[in-house]
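See structure below.
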Amino acid sequence: MSLNLEQYVSEFSAQNINGEHLLQLDGSKLKALGMTSSQDRAIVKKKLKEMKASLEKARKAQEKMEKQREKLRKKEQEQLQRKLKKTDKSSSEATEGANEQ
């Protein structure tokens with residue numbers, strides 16, 4: 001509707017075309033859905049291409065964030081392990097010192 005193509009809404013609805021299905025449509029499938037105007041198909045295909053690019057960009061950003069979180073989690077885990085080793089070492093040195101006395 002935002003593309004001023006309201007005339008196709010009923011057929012798309014009747015064919016249960018949702019967002020996921022919409023992204024899979026190409027020129028021949030649009031034509032089969034009753035979109036006979038090549039100009040209308042071109043508008044929809046251009047918008048679909050923009051949407052796919054936007055989704056891909058968002059997916060890559062999400063993956064980047066997940067990698068950064070994982071890297072931070074590993075770093076925190078390593079720091080915790082270092083602290084535990086220091087604590088264990090200090091504890092065992094204190095025990096050895098007490099045993100010597």
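Quick one: is Asn16 surrounded by fewer than 11 Cβ atoms within 10 Å (Cβ to Cβ), over 26 Å from the mean Cα position of the chain (by Cα) and on the phi > 0 side of the Ramachandran plot? Criteria not met by Asn16. Which residues, counting only those in the range 23-40, are under 14 Å from Leu3 (Cα atoms) and open to solvent by 90 Å² or more (accessible area, probe 1.4 Å)? The answer is Gln39, and nothing else. Close contacts from the range 41-60, counting a first residue that is surrounded by 13 or more Cβ atoms within 10 Å (Cβ to Cβ) and a second that is of a type in the set (Gly, Ala, Ser), with Cβ to Cβ under 7 Å and a gap of 6+ residues or different chains, come to Arg41/Gly27; Lys45/Gly27. Screening the candidates Met35, Met51 for the property of being under 30 Å from Gln15 (Cβ atoms) and within 19 Å of the chain's Cα centre (by Cα) yields one hit, Met51.
The values are calculated or read from the model by the stated rules, or taken from the named source; none is laboratory data. Remember, it's a predicted structure, so these values are computed and weren't measured experimentally. Here Cβ is always computed from backbone atoms with ideal geometry, including for glycine, and neighbour counts include all displayed protein chains. Side chains are part of the model used for accessible areas, which takes the heavy atoms of the whole protein and leaves out ligands, DNA and RNA. Shrake-Rupley method; radii C 1.70, N 1.55, O 1.52, S 1.80 Å.
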